[in-house]
Amino acid sequence: MAVFAAYPDDVYISERWEPQPRADMGPLSRYLGELTCREMTRTHHIGITVLRLGEVVVEEDVGDAEPNLLWLDVRDAARAFGCALGRDTGRAALWAERWEVYHIAADIPNAKYLIDYARKMGYEPQHNFAAHWPAAPGGNA
C-alpha cells in the first residue's frame with residue numbers, strides 16, 4: 001500500500017481514497033499497473049481484481065517487533081488471493097463491475113487501511129497480531 005505512504009498514520013484510508021504514489025519506481029509502477037488493468041476492463045470483457053497488500057509477514061515471526069499498521073500474515077494474503085480468484089466478473093455488462101480494488105491487511109484496532117470492502121468478497125483475516133497492540137480501556141483487546 002505504498003501508494004498511500006504520503007498520508008499520515010492517523011488517517012483511515014478506504015479503497016476510494018486517491019492514491020498519492022511517490023515518484024520512484026516501486027509505488028509508481030504499482031499504481032500504473034492498477035490503472036492499466038482498469039483501462040483493460042473498459043475495452044475487454046475481462047474481470048480484474050486488484051489487491052493492495054500490506055507488508056506480508058508471518059505472525060509468529062514478528063516476535064517483539066514494534067507494531068506495524070501494514071502487517072498482513074502470509075496465510076491471510078493467500079485467503080485474499082482465493083477470494084479474488086473466486087470473483088468471476090468477466091461477463092458483467094458494465095466495466096465498473098469487472099474491475100475492483102481491495103485493501104488487504106490484518107484486522108487491527110484503529111487500522112490505517114480499512115478492509116470492510118474486502119469483506120464483501122469474502123475476505124476475513126484470521127491473524128490480527130493481537131499480542132502487539134495495547135489493550136483497549138476496560139481490558140478488551
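Assess whether residue 3 counts as being closer than 22 Å to residue 134 by Cα and among the aliphatic types (A, V, I, L, M).
In short, no.
Is there any pair linking a residue in the stretch 28-46 that is closer than 17 Å to residue 91 by Cβ to one that is exposed (fewer than 14 other Cβ atoms within 10 Å of the Cβ) and modelled with pLDDT under 90, with Cβ under 6 Å and at least six apart or on different chains, and which?
45/90; 46/90
For residues that are within 22 Å of residue 26 (Cβ to Cβ), part of a helix (DSSP H, G or I) and in contact (Cβ under 8 Å) with a residue 24 or more places away in the chain, tally how many sit in the stretch 53-75.
Final tally of qualifying residues: 0.
Going through 88, 61, 9 one at a time, which residue ends up being touching a Lys or Arg at 6+ places or on another chain (Cβ under 6 Å) and surrounded by fewer than 13 Cβ atoms within 10 Å (Cβ to Cβ)?
9
Scan the stretch 1-27 and report the pairs whose first residue is touching a residue at least 60 places away in the same chain (Cβ under 8 Å) and under 17 Å from residue 72 (Cβ atoms) and whose second residue is of a type outside the set (Gly, Ala, Ser) and part of a helix (DSSP H, G or I), with Cβ atoms within less than 8 Å and a gap of 6+ or a chain change.
Taking only residues 6 or more apart or on different chains, the pairs are 13/4; 14/116; 14/117; 15/117.
Could you tell me how many of the residues in the stretch 93-120 are assigned to a loop (DSSP other than H, G, I, E, B) and either out of contact with any Ser or Thr (no Cβ under 9 Å at 6 or more places or on another chain) or buried (at least 18 other Cβ atoms within 10 Å of the Cβ) (or both)?
Adding up the residues that qualify gives 12.
Out of the residues in the stretch 12-29 that are within 21 Å of residue 106 (Cα to Cα) and touching a Pro at 6+ places or on another chain (Cβ under 9 Å), which is surrounded by the fewest Cβ atoms within 10 Å (Cβ to Cβ)?
The qualifying residue surrounded by the fewest Cβ atoms within 10 Å (Cβ to Cβ) is 27.
What's the number of the only condition in (1) of a type in the set (D, E, K, R); (2) farther than 18 Å from residue 17 by Cβ; (3) touching a Phe, Trp or Tyr at 6+ places or on another chain (Cβ under 9 Å) that residue 100 fails to meet?
(2)
The values are calculated or read from the model by the stated rules, or taken from the named source; none is laboratory data. Because the structure is predicted, anything quoted here is derived from the model rather than measured. Neighbour counts run over all protein chains shown; Cβ positions are idealised from the backbone, glycine included.
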